[in-house]
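Visitor: To start, I am sharing the structure in question, which I have written as structure tokens.
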Amino acid sequence: MSYNNILNSLGPCGINCSKCFAFKNGAIKKLSSELKENLGDFNVYAERFVDLLDEPVFKKYPDFKEMLNHFSNIECKGCRNDDCKLFQDCNVKQCSKDNSVDFCFQCEEFPCKKHGFDKHLEKRWLSIQNRMNELGVEGYYNQIKDLSRY
């Protein structure tokens, strides 16, 4: 994959936007939409299956359907093309623009505290950036492209 295509998949923080549940062209949205379509009006059956099949798990179908609707209606274009839908305090996109870098590890100020992440995400961000620096952007992308984001 070309460097420019990799940039469309990875945010400046290095997290794979294309694997995010909020990514409009991602597998999670596609599969959720397909499942929603295939289930059709299953809620009628879910109600019946509680007693008919003696399966109390079907009582939870409305919650499942709500999540499925959420996943299938997301429209994020990725961090480089849209505002982040998950991390409202993220400053990485603007910082990378201000410092004219594609990824944080390419900045002379890296590592810094400007990112706006909580401790968990900061740890993940540092790990990703160090790995990208070690393997190169293409090498890192090839290593993670088929892995789940979560």
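Visitor: Between a first residue in segment 89-103 that is within 11 Å of CYS79 (Cα to Cα) and modelled with pLDDT under 95 and a second residue that is of a type outside the set (A, V, I, L, M) and not in a loop (DSSP other than H, G, I, E, B), which pairs have beta carbons less than 8 Å apart while being 6 or more apart in sequence or on different chains?
Guide: What qualifies is VAL92/CYS104; VAL92/TRP125.
Visitor: Let me ask something additional. Kindly establish whether PHE64 is out of contact with any Leu (no Cβ under 6 Å at 6 or more places or on another chain) and surrounded by 18 or more Cβ atoms within 10 Å (Cβ to Cβ).
Guide: no
Visitor: If the requirement is being crowded, with 16+ Cβ neighbours inside 10 Å, in contact with a helix residue (DSSP H, G or I) (Cβ under 7 Å, 6 or more places away or on another chain) and at pLDDT 95 or above, which of these qualifies: LYS29, LYS59, LYS36?
Guide: Selected residue: LYS36, the only one of LYS29, LYS59, LYS36 that is crowded, with 16+ Cβ neighbours inside 10 Å, in contact with a helix residue (DSSP H, G or I) (Cβ under 7 Å, 6 or more places away or on another chain) and at pLDDT 95 or above.
Visitor: What tally of residues in segment 30-45 results from selecting those that are assigned to a helix (DSSP H, G or I) and over 20 Å from LYS77 (Cα atoms)?
Guide: Summing the residues that are assigned to a helix (DSSP H, G or I) and over 20 Å from LYS77 (Cα atoms) in segment 30-45 gives 9.
Visitor: Only one residue in PHE87, PHE117 is outside any helix (DSSP H, G or I), of a type in the set (Phe, Trp, Tyr) and touching a Gly at 6+ places or on another chain (Cβ under 8 Å), so which one is that?
Guide: Checking each option against the conditions leaves just PHE87.
Visitor: Say whether the condition of being surrounded by 16 or more Cβ atoms within 10 Å (Cβ to Cβ), among the β-branched types (Val, Ile, Thr), assigned to a loop (DSSP other than H, G, I, E, B) and more than 15 Å from the chain's Cα centre (by Cα) is met by at least one residue in segment 69-83.
Guide: No - not one qualifying residue is present in segment 69-83.
The values are calculated or read from the model by the stated rules, or taken from the named source; none is laboratory data. Just so it is clear, the model here is predicted, and its values are computed rather than measured. Cβ sites come from the backbone with ideal geometry, for glycine too, and all protein chains shown count toward neighbours.
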